[in-house]
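Heads up, the thing below is written out as structure tokens.
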Amino acid sequence: MKRSTWLLCSTTLTLALLASCETSKPATDVSASAGVNAPVGSTSTNAESMESNGIRLTPLSDSPKFPEAQMKLRNPIGGATLPSGNVPFDYQTTNFQLTKMSGGPNMALMANSEKGQHIHNIVDNEPYTAHYETRFSKPLADGQHAILSFLSRSYHESLKHRGAYDLRIINVGNATPSATPIVDVNAPNLFYSRPKDTYTGADAKRIMLDFYLVNTTLEPGGNRVRATINGTEFMLDRWLPYQMEGLPAGENTVKLELVNSSGTLIPGTFNSVTRTFTVNP
């Protein structure tokens, strides 16, 4: 009888402990969608659109997440001096498949590369080149250059977490490097990414505005990006891509500025940039 009572109590205690363990587990892993691994300065949000003078800006936060994706630029090394002409680049990527379609709701809404996911390579904040392999070469003029690289979804939206980008300075040719680097890689920096070139047909209805930040965050009452689209100003306090609608046919202009809480431009080589692109409905 004592043995039966002991077995019953033991079984009851075991079941209680198991139940306690099960209730401590989350029902699903929500870290990716909840932004647990989100980059500094990015926010998962369903904020409402901003609209002025017929232009509508809508923040996008529902793209597929790749929190484990990593990219490393193995060559050229920072500070290196390379021969004039074509400069070879060599990257290593992990947990991110180049040439794969990213999927998600935004892929069908905006311009999407038929070649899939890729690397954006930006030299001196000039228009990027897209690369679908980890090794390639591109011609660079003699002199000092700032190289920003980052992983991109197939529809050109950047991955914004640490480890998904690289910023470094290199020298090309025999010119004596400037005593003052072309950009302070440790200071707040803004780089332009999209829009770019010409948008035609369905791609012209919704156009992505995307930019890259280094060493800074955006927040209400803090640093922000002032986006002036065809003369109409929008203040952006979240590091997200934005969908632009209502743009007229023909040439359009976007000016991006990294500003502080009072709206004053933050010093930096690339912290104010203006680009034009074409809408061809």
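The values are calculated or read from the model by the stated rules, or taken from the named source; none is laboratory data. Here the structure is a predicted model, which is why all the values come from computation and not from measurement. FYI the Cβ positions are ideal-geometry reconstructions off the backbone, even for glycines, and counts take in every protein chain you see. Ligands, DNA and RNA are stripped out before the accessible areas are found, and what is left, the full protein with its side chains, is counted by its heavy atoms. Shrake-Rupley method; radii C 1.70, N 1.55, O 1.52, S 1.80 Å.
Being more than 21 Å from Thr129 (Cα to Cα), out of contact with any strand residue (DSSP E or B) (no Cβ under 7 Å at 6 or more places or on another chain) and without any contact (Cβ under 8 Å) to a residue 12 or more places away in the chain is a property that does not hold for Thr217. Do we have Leu209 as in a loop (DSSP other than H, G, I, E, B), of a type outside the set (Lys, Arg) and touching a residue at least 40 places away in the same chain (Cβ under 8 Å) here? No, not satisfied. Note on the range 231-242: residues that are charged (D, E, K, R) and open to solvent by 50 Å² or more (accessible area, probe 1.4 Å) total 2. Checking the structure you have, find out if any residue of the range 193-203 is on the phi < 0 side of the Ramachandran plot, of a type in the set (A, V, I, L, M, F, W, C) and open to solvent by less than 20 Å² (accessible area, probe 1.4 Å). Scanning the range 193-203 turns up no residue that is on the phi < 0 side of the Ramachandran plot, of a type in the set (A, V, I, L, M, F, W, C) and open to solvent by less than 20 Å² (accessible area, probe 1.4 Å). Would you call Val225 out of contact with any Gly (no Cβ under 7 Å at 6 or more places or on another chain), in contact (Cβ under 8 Å) with a residue 60 or more places away in the chain and at negative phi? Taking the combined requirement at face value, the residue does not satisfy it. I'd like to check something: does the range 173-191 contain any residue that is closer than 25 Å to Leu60 by Cα and of a type in the set (S, T, N, Q)? Yes: one or more hits. Given (1) at pLDDT 90 or above; (2) farther than 16 Å from Leu236 by Cβ, identify the lone condition not met by Gly35. The failed condition is (1). The set of residues in the range 67-104 being of a type in the set (Val, Ile, Thr) and either open to solvent by 50 Å² or more (accessible area, probe 1.4 Å) or in contact with a helix residue (DSSP H, G or I) (Cβ under 9 Å, 6 or more places away or on another chain) (or both) consists of Ile77, Thr81, Thr94, Thr99.
Scan (1) open to solvent by less than 30 Å² (accessible area, probe 1.4 Å); (2) assigned to a loop (DSSP other than H, G, I, E, B) for the single condition Lys115 breaks and write down its number. In the conditions (1) open to solvent by less than 30 Å² (accessible area, probe 1.4 Å); (2) assigned to a loop (DSSP other than H, G, I, E, B), Lys115 misses (1) alone. Check Arg162 against each of (1) within 15 Å of the chain's Cα centre (by Cα); (2) buried (at least 16 other Cβ atoms within 10 Å of the Cβ) and name the one condition it does not meet. Only one criterion is unmet by Arg162, namely (2).
Restricting to the range 46-65, count the residues that are open to solvent by less than 70 Å² (accessible area, probe 1.4 Å) and within 15 Å of Asn106 (Cα to Cα). Of the residues in the range 46-65, 7 are open to solvent by less than 70 Å² (accessible area, probe 1.4 Å) and within 15 Å of Asn106 (Cα to Cα). Residues of the range 167-192 that are within 14 Å of Asn121 (Cβ to Cβ) and open to solvent by less than 10 Å² (accessible area, probe 1.4 Å): Ile170, Phe191, Tyr192.
Results for (1) within 16 Å of Ser49 (Cα to Cα); (2) open to solvent by 40 Å² or more (accessible area, probe 1.4 Å); (3) at pLDDT below 95; (4) among the polar types (S, T, N, Q), shown as yes or no for each residue.
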{"site": "Leu218", "(1), (2), (3), (4)": "no, no, no, no"}
{"site": "Ile229", "(1), (2), (3), (4)": "yes, no, no, no"}
{"site": "Met244", "(1), (2), (3), (4)": "yes, no, no, no"}
{"site": "Ala249", "(1), (2), (3), (4)": "no, yes, no, no"}
{"site": "Thr264", "(1), (2), (3), (4)": "no, yes, no, yes"}
{"site": "Thr269", "(1), (2), (3), (4)": "no, yes, no, yes"}
{"site": "Ser272", "(1), (2), (3), (4)": "no, yes, no, yes"}
